[in-house]
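Beneath this line is the structure, given in structure tokens, with notes to follow.
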Amino acid sequence: MTVDLTEIFAKYERLVAEADALFERVRSQHADCVTCGLGCSDCCHALFDLGLVEAMYLNQRFAEAFGFGAERSAILERADAADRHAVRLKRRLYKESLTGRDSAELLAEVARERIRCPLLGDDDTCAMYAHRPITCRLYGIPTAIGGVAHTCGRTGFAPGGRYPTVALDKIHERLAGLSHEILVAVQSRYRELDQVYVPVSMALITRYDNTYLGIGPVKKES
């Protein structure tokens, strides 16, 4: 079964355009503070996860850009290494959370952890820049999630200053809505498929086929 996700991906691209417009609006107002530029790859070492819609979109665009060849293989090898690193980190932090360690401390440790994105080339440019996730697009300006503000330490935004701030919660809600649309569109038997979040590395490695998406009846073992 092949499901056409063109319409849902088009909605996602419109959300991406909105995110880009927000970034440019803040940059135009605070050009001296936004220091993003070619070769700056600080955000390319941050650990974050993608919802279903962004993971599948990136996976599809990656397949279109790198069908076969040495470059694709090199990226997937880096993705495998990055994913194993992320899994080890998450496993360790989960165990520490069971000991009663403060969740804020754990989140701060995640924020300090640096895992190089597999799409980041040796020249410090992104192999999928035109199709990079929304988190990457907004990294260089003030954002807030759950009422907690964040700004890249390499920018000129002063701590505690009053600046236009993007509410990531609202964007995440819209992304979750698009992920749910995919769940409905593919008629998945996995009712929580739209609640699965993966890092960029896993999004590149995963085969989003009928088996993964839970399309169709369960195959009986012969």
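With the chain treated as a Gaussian network of Cα nodes joined by springs under 10 Å, which of 152, 117, 43 yields the largest mean-square fluctuation? Judging by the Gaussian network model, the answer is 152. Quick one: if you stick a label point 7 Å off each Cα along the C-beta vector at residue 210 and residue 110, how many nm between them? Roughly 3.5 nm, to one decimal.
A straight Cα-to-Cα reach below 15 Å connects residue 95 with the aspartates and glutamates 105, 109, residues fewer than 8 places away in its own chain not being considered.
Approximating the spin labels as points 7 Å out from Cα along Cα→Cβ, the residue 25-to-residue 185 distance works out to 2.7 nm.
From most to least packed by mean Cβ count within 10 Å, the peptides 196-204, 108-116, 92-100 give 196-204, 108-116, 92-100.
Of the beta bridges in the chain, as assigned by DSSP with both residues counted there, near 75 percent are antiparallel. The slack between residue 91 and residue 6, meaning 0.36 nm per residue of separation minus the straight C-alpha distance, is 27.0 nm. The P(r) of segment 4-127 has a tail past 27 Å containing 35 percent of all C-alpha pairs. Net length available on complete extension from residue 98 to residue 149 is 15.7 nm, with 0.36 nm assigned per residue and the Cα-Cα distance removed. Result for the chain in a Gaussian network model with C-alpha springs under 10 Å: among 106, 138, 47, the largest mean-square fluctuation is at 106. The length gained by stretching the chain between residue 38 and residue 129 to full extension, at 0.36 nm per residue less their Cα-Cα distance, is 31.6 nm.
Every number here is computed from the coordinates shown, using simple stated rules; none is lab data. Worth saying up front: this structure is predicted, and the values here are computed from it rather than measured. With ideal geometry, Cβ positions are generated from the backbone for all residues, glycine too; neighbour counts draw on all protein chains shown.
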